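The values are calculated or read from the model by the stated rules, or taken from the named source; none is laboratory data. Being a predicted model, the structure only gives us computed values, none of them experimental. Here the Cβ positions follow ideal geometry from the backbone for every residue, glycine too, while neighbour counts run over all protein chains shown. To get the accessible areas, we keep the full protein, side chains included, count just its heavy atoms, and leave off ligands, DNA and RNA. Shrake-Rupley method; radii C 1.70, N 1.55, O 1.52, S 1.80 Å.
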Amino acid sequence: MLDNLVLIIVIFMVIALFWMLFWVYARFKLSYWKRRGVEFLTPNLFFGNLKNAVFFRSPPSWHIGDLHKMAPPDAPFVGFYIFHKPCLLLRDLDIIKQIMIKDFDNFTDRYFAGSHQRDSMGMKNLFGIKNPAWKYVRSKIRPTLTRSKLKNMLPLMMEITEPMMKYINDQLTNQETVKVLDAQDIYYKYTTDLIASIALGTKIDSFYHPNEFTNAVYRSFHGLKRMITLVIVFFIPELLRVLGTRMFFNSYDYVKKIFWTAMENREKTGRKRGDFIDSLIQIKNGEQNPVYKFEGDNLVYQAATFFSGLESSSTCAAFTLMELAKHPEYQQLAREDINRAIEKHGWTFEAFQNMKYLEQTMLETLRLHPPVGTIDRCTLQDYKIPNSDVIIEKGTPIYISLFGFGVDPRFWDEPEVFNPDRFAEGNIPEAYMTFGTGHRMCIGMKLGQLHAKIILASLLRNYKVWQVKEHTSFLDRRSTVTTAGNGIYLHFKKI
């Protein structure tokens, strides 16, 4: 009996000792910003300021937006913690321009890439690769997305709309002239076919003949594993060294097989199709740089760029249609804009370039619903913030919240209101950073806009859409990228 009591006391003392040591350690780590005289958000002892995101009580990127809103209104930056890792959230446009443009050499790398880029499909391309390889790869990929290249891709993109439009039309029978459909699901299917065609050089039909690739991309868009992976990659990338490779995409071998079949066939026949494969063959056969050789798996990794890039533009299209369903007056203006451009130019590249009002609705949607809600960088060397005494230590992650800036009343009148006129006549306010900012801005912006315009123009020219009263879309709390957790269900009626 006495022995048991002694054992219980010893166990209790050991637990108390560990708790005390942890408390001292955590309190010290979480005093980092206070010791440096930086305003900070009060952290949780275990999770820092990321508790709600860790437990998926709110979408992680949306949660960073909440931190932006919780900061003192005029604070140029504010310290916060991911677990016990000190991070800095930037809120001042002048400081952002200084860091992202003028002092870019000290902030060339994204934090989410991590120190060990083991997830090849997700990391070893422009999204995650580090400098100097990033600069070289960008110089090679940028020419593949020029105006002339997009013109060549347009027929392929238009071809893929055919099964999509047939699928929607087939849902509307003679007895049922109005149908409730999930716009997000439709766009994901279209985007899956587009990825296969543009990035992998093969044609599939996810609407009527889904295959292994369709299912693999669907799991990539919706799967819990990928959502957890994205939280780790964006906010705790150090775990990548422990968790290993191929976290983003389970069907890598299948994708690789499709890719190399297309590459080998194209090189053997010399046939040109106007897709990304054509451009990669040209890069592969050109002069190489040892910093990053376009050969072997490195070629496959570049095709993977289209997975995330086209997913973002699909999100843009889905949420734009959702907003236009809520605002029929803007929907009609967008439809008139589409019809006017097509009647003048036909279904051509010039027509999509002239859909200015449709573009305004997309930009306004992206302000409120940015597909990727944060911009992040890693400090390569100690850096003194101009006009302050604050030094950002080497290795410190810095973040910009697009959800935060998108509704910040310092920069927008009635920020919660959907109003495409904010972007009339090509006006793009400085606080609008949906496509990134500085030298690492998204180079696929024009391709993404064309992708979204094609889907929206095809639908709005043929269908009126409005909300389902009993359905309200909400963000998926598990997802770092913006996606509707319960779909985007709308009424579709043939015009």
Extension length gain for E336 and E162 (0.36 nm per residue less Cα distance), in nm, is 60.4 nm
Mean accessible surface per residue for the chain, computed with a 1.4 Å probe while every protein chain stays in place, in Å²:
45 Å²
Given R₀ = 51 Å, FRET efficiency for D103-N169 by Cβ-Cβ distance, to 0.05?
0.40
Could you pull out which residues in the stretch 177-217 have an amide N less than 13 Å from a spot 7 Å beyond the Cα of K284, following the Cα-Cβ vector?
200-201
Could you go through the stretch 92-98 in sequence order and give the Karplus-derived ³J(HN,Hα) for each residue, using 6.51 cos²θ - 1.76 cosθ + 1.60 with θ = phi - 60°, rounded to whole Hz, and x for Gly and Pro?
10, 5, 5, 5, 4, 5, 4
Cα axis of helix 212-222 to longest principal axis of the chain: angle in degrees, 0 to 90, nearest 10?
50 degrees
F22 label point, 7 Å along Cα→Cβ, cut-off 14 Å on backbone N: hits in the stretch 36-74?
45-48
Shape verdict for the stretch 44-183, please, from the Cα gyration tensor: rounded (a/c under 1.5), prolate (a/b greater than b/c) or oblate.
oblate
For the chain, longest principal axis from Cα atoms; helix 183-200 axis from its Cα atoms; angle between them, nearest 10 degrees, is 80 degrees
Which pairs in the list K179/K256; K203/K446; K51/K446; K151/K268; K203/K268; K135/K268 are over 27 Å apart, alpha-carbon to alpha-carbon?
K179/K256; K51/K446; K135/K268
Check each of the trypsin sites (Lys or Arg not before Pro) in the stretch 1-108 and keep only those in coil by DSSP with at most 11 other C-beta atoms within 10 angstrom; list them in order.
R57
Relative contact order of the chain, defined on C-alpha pairs under 8 angstrom at six or more residues apart (%):
23 percent
Using Cα atoms only, what is the angle between the long axis of helix 252-269 and the major principal axis of the chain, expressed in degrees (0 to 90) to the nearest 10?
40 degrees
If amide H atoms are built 1.01 Å from N in the plane of the peptide, which residues on other chains or at least 5 residues away come under 5 Å of the amide H of G48?
F83
Whose amide H sits under 5 Å from the amide H of F492, counting only residues 5 or more places off or on another chain, with H placed in the peptide plane?
K179, V180, L181
Efficiency by 1/(1 + (r/R0)^6): what FRET value for D421 and D94, r their Cβ-Cβ distance, R0 = 41 Å, to the nearest 0.05?
0.95
With x for Gly and Pro, the residue-by-residue ³J(HN,Hα) of the stretch 323-334, computed from phi through the Karplus equation 6.51 cos²θ - 1.76 cosθ + 1.60 at θ = phi - 60° and given in whole Hz, is 5, 5, 5, 6, 10, x, 5, 6, 4, 5, 5, 5
In whole percent, what relative contact order does the stretch 354-495 give with Cα contacts below 8 Å and a gap of six or more residues?
23 percent
Just to check I understand the Karplus step: with θ = phi - 60° and J = 6.51 cos²θ - 1.76 cosθ + 1.60, what whole-Hz values come out for the stretch 444-459, glycine and proline as x?
x, 4, 5, 5, x, 5, 4, 4, 5, 5, 4, 5, 5, 5, 4, 7
Can you tell me the FRET efficiency between N215 and K344 if r is taken as the Cβ-Cβ distance and R0 is 35 Å, rounded to the nearest 0.05?
0.30
